[in-house]
């Protein structure tokens, strides 16, 4: 059951399924569940919908289907079928049904292997009592494999970590044990055509250039280009939004499961140049990314709410909720980039037009939303909505974790108390001007 990690290379869930197929001399089948969100019941234009009711956009849908098409083609060469289940939302019961019910009835598997997803709604599918009971009734075991992280999230740590400093040594101690490469087995191949089912929001357009392709090969090309042009200066220049060529821009491929960071790390261990850039990239791609999964895994019901914040952060934000704001903007004003701040507007417009926002700017962008909304809860909701709607690397743990860091100090510490922010780390326009040439970025 390939849901999060849509690739055939460095996919440990697929490897385990292949092992069981070979051991039992049975065909291997791969299944992916494609679903539509529940109908939105809120027509208020100035209130974003709940994230689980956000429609797939053309931008995200094309990347999703492009990656699945690559998996289909790669499996096809091995005579392994990829089944796409169209799971429409069940309006009668207001919940997703057992998403594998028909598949189990049709193919009577001997073993089911699923990958691990830390996003709430898909995790509920994997851990559904309805699914478990259906499998128990036919005596079929379900194995869950963390194919996304190099070190499985539950193996890296048994608890939610307070920050990178407490997780880093645990990951590096286990990484060599967990780095590992495989092949695949017979069946008839279904046709691949799913665009109509997604019924995507075509107001958010596809943004990939003609040289950028979804899928593992496209992700590996993006990584190779980064190693040739950006890695050398990554440590020194990664926080300057004017140096686009320094950024790897690999997040969409990692997010959609098209490329494993294990593939990148295995190469970097043999790469004997650019030591500082390599160390910085590994810190961001390995430690920080797996820290995000740790956060969502151990806070499954609250990761997108203020309740996930440390108690000091919750108390501090509550204390300053009624502080006067010099500016308060509506959802539509934010979305259109119509604030008084030309840097914030430029960052928002960049995300809308290109599907990405530089990491340093994303911190500033989210913190200003906190400063210019009526409540921290509104700020969190707005930032998550914009990130998930427009960023090609949105709708993933890294996005939730980044917004949480900016708005309620997740994985951070308390700072000098000030209005609105309380003890949450503050960022301002002048600080950005000291970091990079703001005017140059705005002119773009």
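Laboratory data are not the source of any read-out in this text; all were calculated from the coordinates shown. If you're wondering where the values come from, they're calculated on a predicted model, not measured in any experiment. Note that we place each Cβ from the backbone using ideal geometry, even for glycine, and neighbour counts take in every protein chain shown.
Kindly provide the pair-distance distribution of the stretch 1-50 built from C-alpha pairs, with 5 Å bins from 0 and whole-percent values in order of increasing distance.
With 5 Å bins starting at 0, P(r) equals 4, 16, 18, 13, 9, 8, 8, 8, 8, 4, 3, 1.
What do you get for Rg/Rh of the stretch 193-272 when both radii come from the Cα atoms and Rh is the Kirkwood radius?
1.05
Roughly how many whole Å is it from the C-alpha centroid of the stretch 327-355 to that of the stretch 246-313?
Computed from Cα coordinates, the inter-centre distance equals 26 Å.
Packing-wise, with mean Cβ within 10 Å as the measure, how do 141-152, 396-407 rank, highest first?
Ranked from most to least packed, the peptides come out as 396-407, 141-152.
If you average 1/r across every pair of different Cα atoms in the stretch 1-147 and take the reciprocal, what Kirkwood value do you get, in Å?
Values: mean 1/r = 0.0601 Å⁻¹.
Answer for the stretch 1-147: a Kirkwood hydrodynamic radius of 16.6 Å.
Provide the packing ranking of 215-221, 362-368, i.e. peptides ordered by the mean count of other C-beta atoms within 10 Å per residue, highest first.
362-368, 215-221
Spin-label point model (7 Å from Cα, Cβ direction): what's the residue 139 to residue 53 distance in nm?
My value for the distance between the label points is 4.5 nm.
Could you tell me how far the Cα centroid of the stretch 386-433 sits from the Cα centroid of the stretch 106-180, in Å?
28
Given the chain, what percent of its DSSP beta bridges are antiparallel, to the nearest 5? It would help to have the intermediate numbers written out before the result.
On the way: 2 of 13 bridges.
Taking every DSSP beta bridge within the chain, about 15 percent pair in antiparallel fashion.
Return, for the Cα atoms of the stretch 306-443, the radius of gyration and Dmax in Å, separated by a comma.
Over the stretch 306-443's Cα set, Rg and Dmax evaluate to 14.1, 41 Å.
For the stretch 343-381, list residues with backbone N below 18 Å from a point placed 7 Å from the Cα of residue 209 toward its Cβ?
So the set is 350-359.
Based on the Cα coordinates of the stretch 109-248, what is the per residue volume of their convex hull in Å³?
Per residue, the Cα convex hull of the stretch 109-248 comes to 246 Å³.
Helix-only estimate, please: 222 nm mean residue ellipticity of the chain, summing -39500 (n - 2.57) across DSSP H runs of length 4 or more and dividing by its residues, to the nearest 500. Write down the numbers at each step before the final one.
Numbers: 22 runs with 207 residues, N = 444.
Rounded to the nearest 500, it is -13500 deg cm²/dmol.
What length, rounded to one decimal in nm, is gained on full extension from residue 275 through to residue 443, with 0.36 nm per residue of separation minus their alpha-carbon distance? Don't jump to the answer; show the numbers that get you there.
Working: separation 168, 0.36 × 168 = 60.48 nm, distance 3.36 nm.
That works out to 57.1 nm of additional length.
Can you give the extra length, in nm with one decimal, that the chain gains between residue 429 and residue 245 once fully stretched, where that is 0.36 nm per residue apart less the Cα-Cα distance?
Here the segment from residue 429 to residue 245 would lengthen by 63.9 nm.
Which order do the peptides 373-384, 302-313, 249-260 take when ranked by the mean count of other beta-carbon atoms within 10 Å per residue, highest first?
Ranking, from highest mean packing down: 249-260, 373-384, 302-313.
With Kirkwood radius over Cα pairs in Å defined as stated, name the option among [x] 22.4; [y] 23.0; [z] 29.1 computed from the structure displayed.
The listed entry that was calculated here is [y].
Once the Cβ-Cβ distance between residue 302 and residue 165 is put in as r, and R0 is 22 Å, what FRET efficiency do you end up with, to the nearest 0.05? Can you show the working numbers first?
Working: r = 22 Å, r/R0 = 1.02.
Calculated transfer efficiency: 0.45.
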